[in-house]
Structures are given as structure tokens and as C-alpha cells.
Amino acid sequence: MVLPDFDYYAPATLAEACALLAELGPGARVLAGGTDLLHQMKTGKRAPTALVSLKRLAPLREIRCEAGRGVVIGALATQNDLVDSPVLGARYPSICGAAHQMASLQIRHLGTVGGNLANGVPSADLPPILIALGARVRLVGATGERSLPLEAVFTGAAETVLAPGEILAEVAIPDGGWTGSRYLKFGLRRSGALAVAGAAVAVRCEGGLIREARVVLSSCAPTVIRSPAAEAYLRDKPPNDEVLAEAGLRAEADSRPRDSLRGSAEYRRHLARVLTRRALSRAIEEGHG
Amino acid sequence: METLTDPQGVKRYLVTVTVNGDRHTAVVKANLTLTNLLRDHLDLTGTKKGCELGDCGSCTVLLDGKPVDSCLVLAVEADGREVTTIEGVAQGGRLDALQESFVNHAAVQCGYCTPGMILSAKALLTRNPHPTEAEIRGAIGGNLCRCTGYVHIVEAVRAVAEGRVAPEDEGPGPWIRR
């Protein structure tokens, strides 16, 4: 299995990387962890003429708390950096848990947060929990930068709003006052299996009621989606079994899954219902995990 | 990193990688994987090629101490970093306790997954000397054994974690004569 030929660059700064991508044009791709990109190149799905490696941009690997922005995760943090992060362990163990369910240890040491988001695949494990927690992303290009909600990034299966040459640099999770969150995934094996379906939730409970909830589904539509029906239903409801079961039904109704090798549409709808109910229950009872 | 362009316009890159404690410098094309750098340029063929897509773990090496699938790492990306392959696990001509234990527990069948299994287990025990069985299974979750010899492999790792590696202590039976 041979990789096609390409030129390789490893710029020292983000600005240099953006300038280089602009200069090289649409044939160039960003290389972060490489676990998706090199796979796509080996299987003939992509043949970039140049790779611009981000490996020298060490500051983009940090995970930290920043006044006014909340928890900031650099796009080059590996999936295992998330699992081991003391910052996330203290604030959002639900993100550590989501990362821990991904792929295998070998892949988690290479694959990055930025890659998992920028690839835009509907079965990715990090977008659901990050969207549930209201994450925003910082996109940087040669002509400037912009910040937008993560959920606005995905436009279709493997399609995003990222312009050619634009780099997803950071994810920020503003303090949303959530009292609990959780991502649950169902895969065919515990290791090395993509999600047949997944559900992430974030809840704000107060005075014995669910004041606000976000419900996000993966592998249930061409993009990761929120369930507006489940979210609206949960507002100001008591967190009892009937309410959570009904929320699961509404999430199922909002899902638009397809049949694939990994699971039928009917099975995925079932999973959307069950995983939503269970994720809500865990987030309400156990907080962020 | 120094870049060299030949008369045909093909670019090559000067990479320096420390493998098993030795510094190696090689001139490589950008599309060379770390697996192929190790096997074809450095003749370290203990690192195996299986799926070449990051699914099977037979090409596992330690990159700066962490297990990675070397088929998904470009040689140019490993520039300046430290790699440990299966050839670097035995020290001073003596097998590592994990290697002894794999032999004693008949945890080697066809042997193809063994280098990757040993390196994944080595990384686990370095980080967590006394793992639970679930942690052992999690650590080798990215290493496939197509002989399906997982029970003996897990037992071999557990024996090292519990400080018993001699054949008479435990093990499946006297299948391997030493």
C-alpha cells in the first residue's frame, strides 16, 4: 500500500501555515494527526499535491482555562490528550469519556481534536459532546480569522464551512452553566469501532426541574444534528423516567439515519431513542461524569 | 528540516530519528511511512506490516514512549523524535520480562502480532505497573491477534504485572520447552 507523491512542509507558525496554504492552492491539505488523511490517501480517496504539517505549532496543543472564553482546547491536542487532561477532568469529564471511547490507543495518540472536527464525518465522536456543551471554533485563514458555533461548521457528510486554506485552530467551551453532560456511543466492538449511533446531552437542572437541555445525535443524519423536539420538550420538566423516555422518543423522531453496513436505519432510530434516554439519565444523576 | 531537490524535481527530506537509542539520519521522500523507514532503510523488520490502515496494530512502535501505528506516521513527521521498536525491548542480550512471559505462557502463536502486543503492553506497564485485567485488555484493544490467542496474551501481561514470570509459577502448561 503506497502513498501517492506529494511535497511536505512544516511551517513554524500558524500565520506561515496559512500563507503557505494560500500559496499552494487547493491541491494542498493540512496534516495534523494523519489518521484520517493518510488513510484516505492510501485508499485512493484523496491525492493532495502537498501536505502542510502543523506539528511545529506546539501552542495549538494546549488545553487551558481562559477568562471570558471558558475551556480552550487547541486543535492539535490529541484524543489521548483529552482523556488525560486535568483541566477537562475537573470541568468536563464527559469530554474525556467521549475521547476514551474512540478508535484504539495507538490512534488516540496520533489523532487530533481538530482533525476529528474538520473532517466533518457524521460518526465522529467529539462533535456531539462539544456541540452539546455549546463549543465555538476559531478558524484562521490567510486573510483573517472568524469564530462560530461548532454546530454551524457541518454542512453535509464530510462537508464543512471551512474555506480552502482555512485552519481550525481552537475549540472553546464557554461556561454555559450546565450541571451535567454525557456522550454515549454504541459501536459493534469496544475498541476500534465507529459509532453505529451516538447521543450527547448537556443539562441544566435547578430546583428539581430540567431548565435547559441540549440533545445531539451522531450517525443519525448526514451531519451531527441537534434534536429540537427533545430539547423543547425537556424545558422545565421534572427529570423522571416518563419524561426521559418521552425525550428519547422525540429524539428518535428527529433522527434521519440511513441504512449502512454498520447498522440499519431502523436500528439507528432505536439507538437514538435509547441512547438519548440513558445519556440524559446519567447527566442528571452523575453530573459531568 | 533540510530539503533536497534532484534534477528531476523530486524533493527529498533529511530526517534524523533516534531509534532504540541510536541516532539515524536518512534522506527520504515525503510519502515514506515510519514503518517503511524502519523496515527498508534501517533493516528493523521486527515491526510488521498488516492492514497498513491503522486497524490491526501489527506496526505498533513507541513514539516518544507512546504506542502509535507506524503505518499512519510519515517518516518526515518522526524527524527529531524517539522511536522504540521490538528490537529495542531486550536489554544487554536479555529478554525483557514481558518477552519472557509471552514465551512462558505460550502467548506467541504465529507471532505476527507479537511485536505490537509487546510494545503496547510495555507502554501500559511503564505508565501503570499494576493494571487490572480490563486495563490490560484496553491497552491491547488496538492490536489484533488473528490466531485469537488473547487469553494467553492477557495472562502473560498480567503475570509480569504481578511479578511472576517464571514458567513454574503459572501458565497454561508445558507446551513450550526451553
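Derivation of every value follows stated rules applied to the coordinates shown; laboratory data play no part. What you see is a predicted model; the values in this text were computed from it and never measured. Note that we place each Cβ from the backbone using ideal geometry, even for glycine, and neighbour counts take in every protein chain shown.
Structural remarks
- Pairwise FRET efficiency - A:K237 versus B:R137, Cβ, R0 = 51 Å, nearest 0.05: 0.80
- Cut-off 14 Å between beta-carbons: net charge of the residues surrounding A:G89, Lys and Arg +1, Asp and Glu -1: 0
- Per DSSP, loop trypsin sites (Lys or Arg not before Pro) in segment A:191-289 with at most 12 further Cβ within 10 Å: A:R235
- The 3J(HN,Hα) values that the Karplus relation (6.51, -1.76, 1.60; θ = phi - 60°) gives for segment B:16-31 are, in residue order, 10, 10, 8, 10, 6, x, 9, 7, 10, 10, 9, 9, 10, 7, 4, 8 Hz. Gly and Pro appear as x.
- Inter-chain shielding of B:109-122 (mean C-beta neighbours from other protein chains, 10 Å cut-off): 0
- Between B:L4, B:S70, B:T33, the Cα set farthest toward the positive side of the dipole of segment B:1-109 (charges on each charged residue's Cβ, about the Cα centre) is that of B:L4.
- Phi-derived couplings, Karplus 6.51 cos²θ - 1.76 cosθ + 1.60 at θ = phi - 60°, listed residue by residue for segment B:79-96: 4, x, 10, 9, 10, 10, 10, 4, 5, x, 7, 5, 10, x, x, 10, 4, 5 Hz, with x used for Gly and Pro.
- Residues with amide H under 5 Å from that of B:T45, placed H, sequence gap 5 or more: none
- Calculated Rg and Dmax of the protein assembly as shown using C-alpha coordinates, Å: 23.4, 75
- Global geometry of segment B:48-178, whether rounded, prolate or oblate, following the gyration tensor of its Cα atoms and the 1.5 cut on a/c: prolate
- Positive contributions from Lys and Arg (+1) and negative ones from Asp and Glu (-1), summed over other residues with Cβ under 12 Å from the Cβ of B:L44, come out at -2.
- Take each residue of peptide B:54-61, count the partner chain Cβ atoms within 10 Å of its Cβ, and average: the result is 4.
- Amide H contacts for A:I63 (H built 1.01 Å from N in the peptide plane; partners 5 or more residues away or on another chain; cut-off under 5 Å): A:G74.
- About its Cα centre, the dipole of segment A:56-171 is roughly 180 debye, where the only charges are +1 on Lys and Arg Cβ and -1 on Asp and Glu Cβ.
- Average beta carbon contacts from partner chains per residue of A:169-180, 10 Å cutoff: 0
- In a reduced charge model with +1 at each Lys and Arg Cβ and -1 at each Asp and Glu Cβ, the protein assembly as shown shows a dipole moment near 680 debye about its Cα centre.
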